[in-house]
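Beneath this line is the structure, given in structure tokens, with notes to follow.
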Amino acid sequence: MPQNLDPAESNPPPLVGTVIAVQANFCNVQIDPDVPEVGGKLILCTRRARLQKIGISAIVGDRVTIDEIDWQGLKGVVIDVFPRHSLLDRPPVANADRILLVFALAEPALDPFLLSKFLVKAESTGLQVSLCLNKSDLVSDKERQEWCDRLGEWGYLPIVISVETGLGVKELQVELDRQITVFAGHSGVGKSSLTNALIPDSNIRVATVSGKLSRGRHTTRHVQLFTMPTGGLIADTPGFNQPDIACAPTELAGYFPEIRQRLTTGNCQFNNCTHRDEPNCIVRGEWERYPHYLEFLADAIAWEQQLQSQPKLENNLKQKSSTGKKKFEPKLDSKYRQIARHTLLQSQGKLSDEFDDD
Ligand code: GDP
Ligand code: ZN
């Protein structure tokens, strides 16, 4: 135990850390690595009653202040939760910086349309989007280069790796330093293999809390953040793996770097141009993903129409009873819950109570 940090002796100031796991009414907070002597330590915390009263919860990724630390038992109390700069709902992660979309160059073959859909979905989170192409050991240099050139035209600079041979894995680790990253991608591309390569001990989950709380389904259900040796954090549960186009049609264009680029060089005749059949549209043209844009636009229009035909939000609440408490939870289509970053900046405390063990 650090001598000058014994609460009984020196009444130390509260410390700041990141919530890396949440279980029942507890959360595991990792003290910031640069704090002298205790940096990186894991403290099992409850939440101060005042926070519970005003409905402020903490989820994985939250930056929190902790106090009343018992250094023997590594226990403490969360006394404050900082405002979030981003919020993902699936998996529930606060303050994520980046979505790392993992695709394989082969086995399974890289499907451009599926990749495009994942990219649009990733862009819709408002987070930085990076594209990682795995299994480079399975393709020729020429094939790899062709994909890189093609994706460059889409506006992405892929990070090419092979978990199998280790190519590019260290560089990726450095790239993800000091950030919270959520992986996404369909199964079989190598996400688990990559996680294991980046975090050698990722099979070690945070120790469960003792007693009856340690039993049952909630001990492993929640997403957990793992620290890479270089310091970055990655979520152990991948994000969306069945991407759907669930956004307002007017927002879709913003999710294509090619369209963003075109719109920096000029404007369409109409402010609300859907870039489909309007005259004097500067987006419509002979670029590779334009047909994808049109297809996703049709999906977005259908999604919006479906949403508009749903009963009003206030009529669409279901009462949910868990842990004996009654609470209301929006019964919206889960698609609708993918919330854009800018609407989330003030979202602190608006989530359902994630400390509940449901
Ligand atoms: P996930 O479903 O995305 O988590 O994919 P997995 O990590 O389970 O990997 C799927 C399969 O691809 C496994 O058989 C891995 O051994 C294999 N795999 C992962 N990375 C590579 C790679 O870089 N090269 C090759 N050849 N196979 C890989
Ligand atoms: Zn247009």
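The numbers here are math on the coordinates, done by the rules we state, and not lab data. Just so it is clear, the structure is predicted and the values come from calculations on it, not from any experiment. With ideal geometry, Cβ positions are generated from the backbone for all residues, glycine too; neighbour counts draw on all protein chains shown.
General remarks:
- Per-peptide packing, taken as the mean over residues of other Cβ atoms within 10 Å, places 110-116, 20-26, 149-155 in the sequence 20-26, 110-116, 149-155 from highest down.
- Overall, the range 249-309 carries a charge dipole of about 180 debye about its Cα centre when +1 sits on the Cβ of Lys and Arg and -1 on the Cβ of Asp and Glu, all other atoms neutral.
- Overall form of the range 249-309 per C-alpha gyration tensor (a/c, 1.5; a/b vs b/c): prolate
- For the range 241-257, Karplus couplings with θ = phi - 60° (6.51, -1.76, 1.60), whole Hz, Gly/Pro x: 10, 10, x, 10, 8, 10, 8, 5, x, 5, 8, 4, 4, x, 8, 10, x
- Here the dipole of the range 1-154 is about 620 debye; that uses its Cα centre as origin and unit charges on the Cβ of Lys and Arg (positive) and Asp and Glu (negative).
- For Asn95, distant residues with modelled amide H under 5 Å away: His85, Ser86, Leu87, Leu88
- Backbone HN-Hα couplings from phi across the range 135-152 [Karplus 6.51/-1.76/1.60, Hz, Gly and Pro as x]: 6, 5, 5, 8, 10, 6, 4, 5, 4, 4, 5, 4, 5, 4, 5, 5, 6, x
- By average C-beta atoms within 10 angstrom, highest first, the peptides 227-237, 296-306: 227-237, 296-306
- Three-way shape label, the range 3-83, alpha-carbon gyration tensor, a/c 1.5: prolate
- Amide H contacts of Ile159 (H built 1.01 Å from N, under 5 Å, at least 5 apart or other chain): Leu131, Cys132, Leu133
- Share, in percent, of DSSP beta bridges within the range 1-132 that are antiparallel, nearest 5: 70 percent
- Nonlocal amide H pairs with Gly232, under 5 Å, H built at 1.01 Å: Arg178, Gln179
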